[in-house]
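Sending over a structure as structure tokens; questions will come in a sec.
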Amino acid sequence: MRVCVGVDLGSTTTKAILIDEEGKIVGKGITNSRSNYEVASAVARDEAVTSARFNLLARKLEGLKGEGATEIGALDEKLRAAFRLELYLDELAALRQRVTEVVAAAGVRGTAQVKDALAGIFDRMTTDASALFLGGDARKSDFFRDIAGAAFMHAAEKLANERGMRFEELTWPFDRAILDVETELRELDFAATLGRAARRIAGGLPEGAKKRFFEIVDSVGTEPIDEVAFSGTGYGRQTLPFPKAAVRSEILCHGRGAHRYFPGTRTVLDIGGQDTKAIQVDDKGVVTTFQMNDRCAAGCGRYLGYIADELNLGLHELGPLALKSCKSVRINSTCTVFAGAELRERLSLGEEREDILAGLHKAIMLRAMSLLARSGGVKSELTFTGGVCKNDMATKVLRELVDENYGSDITLNAHPDSIYMGALGAAMFALDDLRAGKANLLVVKRPDKQAMKNYANPDDACASCG
Amino acid sequence: MSLVTIGNKGLKGAPPAGAEGSAVTVPVTKDASQQRQKRMIAEHFDRLSTAKEDGKKVAYTFVPGNLTELMGAFEMLPVLPEINALQSGMRGKSGAYISEAERGGHSEDVCSYVKCDIGMLRTGNVGPTGKVLPKPDLLLLSYTGCFTFMKWFELLKEEYNCPVVMLHVPYQADGIITPEMRQYVVDQLKSDVIPQMEQITGKKLNLDKLSEQLARSRRAEDALVKVWESAKNKPSPIDGYFGGVYYIGPIFSAFRGSEDAVAYYEELLAEVNERIKDGEGPMTPAGVMNNQKYRLVVEGPPSWTHFNEFWNMFSNEGAIAVASTYTRVGGLYDQGFRHDPQDPLGTLADYCLGCYTNRSLPSRIDLLEKYIKQYSADGFLINSVKSCNSFSAGQLMILRELEKRTGVPGAFVESDLVDPRYFGKANIENRLQSYLQMLEARKSGALAAATAEKPFVIGSNP
């Protein structure tokens, strides 16, 4: 399969989309942007390749239906989960190795007791891993840092209690090691990993189906996926060694991606981590004009992040909580920091959290409305994209404000994949380049592991603070 | 406007704009006209530094609606606080000057030219060439559309305790200059401005001398107009915005009416003609700019604190300014106005009434529309500065109206004159690149076909 790759390097997450030569989406991947954009874009792209292979796999698995395997959908799901588990275990092994190195280099802090306790923590994490992925419970995050972090802290807390140690004695090696591990690019042997995952879950299948299942898994694992064109966009695009010709503005990409999903789109509202864009596009998805926030990131995703921190909530919990509100509290502050202060003041006055949150969502969307107006308003069909469109309260308020300002005959679109619109637009530009015979490729330098280790070896000038 | 050629490190044979790594490390070559301008400025500041010993009188005044020829006829030396402020911005000093003024009680929202000037004054009044500026004998307040000018000179009056004479120029609200408006300005020249100058210098006005000045102005203006119009060539031999602010240096400031100015503009025109003959673009900080992918018209002043950085953002993308309104703030010669030696006072009135800052929004739109069409521009860009409310107000309306009239898309960026805190490089660069890529995409039109996937609609559609 030949694919065109689009990567969108956001301030919070990095997204990749693969499309085939007909422009059909074949894979998508997302990862946290870390402090290393190069690694983030390579990881997102690897994720997209993985997802493309799984899409291929899903189609082939359909063929098993006649061979006694009835629950194909469930099998596919289970295989994906098992694959994630294998990846997690690989990465966990790398983390364990790195933690061991960090402790070994730490001098007096790395006592035998600490070393032994850490070994115990990692044993537990390894044992618990299977239930995390195959247990059927939803995870809050798919990013290694988040899953491993939560598992580590959980195990460390228990172990510290059991052995009468201080929790902090056990957490510092993790904090030092996680950054190295998540910014290290590992080569993924897809076929081998998928093979292991398949064997882990194939137990219940009838013999004939099992044989066919392994054949399919092996064929998908080795199916070549050739990247023939690349284009990059997003906040971090300037810091990457992309060839200039392969870099596209995120405004163009978001406009085009949104139009690709909803061809009737004439206006796009994109609210990302640190900027908001109001974009007008023509009937071909080409941007005709746009407005962006300037100087101030109030009214962007980070605003919600800040509020979530203030309330000790997860970002994904804000929308559902705000939806429970019966009356919206008016928030006057346009500045994120002042809104935080206003939030505390309202809470102390006895207002309900959900009502204040409803007010904060409205405050954000009012800013977006002003940007929309500056860009020329909303004429027929508005598509909402970016991380914030995953928040149901934000979309609800937007719908209300659009009704109020532009009338209820405006179509408002959002797509579960809205966060990928920028990457999709970039992939489409890559396809244009390919067709014009000007394709670029993303070459990622795999870092020199030895050099990295030397760099990351902790300098123990501070170890004496304990 | 720039009186000092700063950082124009271009050279012939440098990598073309847009090439990777266009940093220039080879020795600097400057056009002869640029060298001449630099010399003229140095001499002017020398004259200012010894003005008191030489018995010369000094007037502080503003660029829009300036009465340079009249001052020249009295042999008074002009100091232009706006230009000092922008020079301080280019030399990286404005941030500290503005802080100084803010410590003195000026709000963050006060015009940054004013605060920069006040800060410079409070810290020794050292001019751009390193020499101390003389105190004014007269504050000549030409009022052309900027209310802040009045407040600014009220502040300077406090500092210097010297006479202020105000020339009130009526605003062209209806886009025309009536005979009554003209007469009103001429009357003020006769009853207020000239008597005040006569009193300060102890000389009677010599009308013949004024006419000679005006005749020289006219010659320089003729040459400048030809320079502006040269941008109709492809490639354009000039950059009509970033390069343009160097070109307007002499004529909008202390030199109009002088032999020096005539020599400068004639030399500049000859250089431009030479480039047209060779099919060559102008010098930019990134080298000679022959790769001209986008022809833009620009509205609004540049950000002086990041002048070269801002310019490079254009040159690196192959964008050249073919015309700009900012380079017309000190006179709209390309729209036909010339100083007339036969009618010295009337012509000064016409000049003041006609300057860009004194024009209404509709006539600014008309002018921009004309430029977009006459210079066959691919796009236009508005740099909206925070400092200047009277100038920036309505610019979004200008943008929409121009898009409607010309079908050419516009871009909008925000920065400031000399307050470095308001220049967000990443933000401006992002907008500019997005805009230029948008022009490119609209031009090429060859996009991969879009096949929609099943949509998911929020909310109800009745």
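Trypsin sites (Lys or Arg not before Pro), restricted to region B:124-221: which are DSSP loop and have at most 11 other Cβ atoms within 10 Å?
When the trypsin sites (Lys or Arg not before Pro) of region B:124-221 are filtered for loop state and at most 11 Cβ neighbours within 10 Å, B:K204 remain.
Mind checking region A:287-377 for trypsin sites (Lys or Arg not before Pro) that DSSP puts in a loop (not H, G, I, E or B) and that have at most 15 other Cβ atoms within 10 Å?
Those that pass, being in a loop and sparsely packed, are A:R295, A:K324, A:K327, A:R330.
Which entries of A:K28/A:K379; A:K15/A:K211; A:K15/A:K390; A:K284/B:K425 have Cα-Cα distances beyond 25 Å here?
Going by Cα-Cα distance, A:K28/A:K379; A:K15/A:K211; A:K284/B:K425 fall outside the 25 Å limit.
Short version: ³J(HN,Hα) in whole Hz for each residue of region B:228-239, in order, from phi by Karplus 6.51 cos²θ - 1.76 cosθ + 1.60 (θ = phi - 60°), x for Gly and Pro, what are they?
Each residue of region B:228-239 in turn: 4, 5, 4, 5, 6, 6, 10, x, 6, x, 10, 9 Hz.
Tell me which trypsin sites (Lys or Arg not before Pro) from region A:18-98 have a DSSP coil assignment and no more than 14 other beta carbons within 10 Å of their own.
Listed in order of number, the matching sites are A:K24.
Using alpha-carbon pairs under 8 Å, 6+ residues apart, how would you state the relative contact order of region A:316-366 in percent?
RCO, region A:316-366: 53 percent.
To continue, here is another question. Viscosity 1.567 mPa s, temperature 4 °C: Stokes-Einstein D of region A:83-204 from its Kirkwood Cα radius, in µm² per second?
Using the Kirkwood radius from Cα pairs, D works out to 84 µm²/s.
Which entries in A:K244/B:K232; B:K209/B:K277; A:K24/B:K404; A:K438/B:K226; B:K30/B:K131; A:K277/B:K386 show an alpha-carbon gap greater than 32 Å?
Beyond 32 Å between Cα atoms: B:K209/B:K277; A:K24/B:K404; A:K438/B:K226.
Check which residues have an amide H placed less than 5 Å from B:G287's amide H, if you skip close sequence neighbours.
Under 5 Å from the amide H of B:G287 lie the amide H atoms of B:G10, B:L11, each far enough along the sequence or on another chain.
Right, another one. Rounded, prolate or oblate, given the Cα gyration tensor of chain A, with a/c below 1.5 counting as rounded?
Oblate, since a/c reaches 1.5 and b/c is not below a/b.
Considering Cα pairs under 8 angstrom that are at least six residues apart, work out the relative contact order of region B:200-334 and quote it in whole percent.
31
Apply the a/c threshold of 1.5 to the C-alpha gyration tensor of region A:67-129 and tell me whether it is rounded, prolate or oblate.
prolate
Under the Karplus relation 6.51 cos²θ - 1.76 cosθ + 1.60, θ = phi - 60°, what is the ordered set of whole-Hz ³J(HN,Hα) values for region A:268-274, x standing for Gly and Pro?
Residue by residue, region A:268-274 yields 10, 10, 10, 10, x, x, 10 Hz.
Another one. When only C-alpha pairs under 8 Å and at least 6 residues apart count, what is the relative contact order of chain A, in percent?
21
Do the sum for the protein assembly as shown: with -39,500 (n - 2.57) for every DSSP H run of n ≥ 4, divided by all residues, what is the mean residue ellipticity at 222 nm, to the nearest 500 deg cm²/dmol?
-16000 deg cm²/dmol
How large, in Å, is chain B by the Kirkwood hydrodynamic radius built from its alpha-carbon pairs?
Taking the inverse mean of 1/r over all distinct Cα pairs, chain B comes out at 23.0 Å.
For region B:248-253, take each phi angle, set θ = phi - 60°, evaluate the Karplus expression 6.51 cos²θ - 1.76 cosθ + 1.60, and give the result in whole Hz per residue in order, putting x for glycine and proline.
7, x, x, 7, 8, 10
Could you list, bin by bin from short to long, the percent of Cα-Cα pairs of the protein assembly as shown in 10 Å steps?
Final binned percentages: 2, 10, 17, 19, 17, 14, 10, 6, 3, 1, 0, 0.
Also, quick follow-up: Taking amide hydrogens as modeled 1.01 Å from N in the peptide plane, which residues meet the under 5 Å criterion relative to B:E414, leaving out close sequence neighbours?
B:S384
Since every read-out is calculated from the coordinates, none of them should be taken as a lab result. Model, not experiment: these values are computed from the prediction. As a convention, Cβ positions derive from the backbone with ideal geometry for all residues, glycine included, and neighbour counts pool all protein chains shown.
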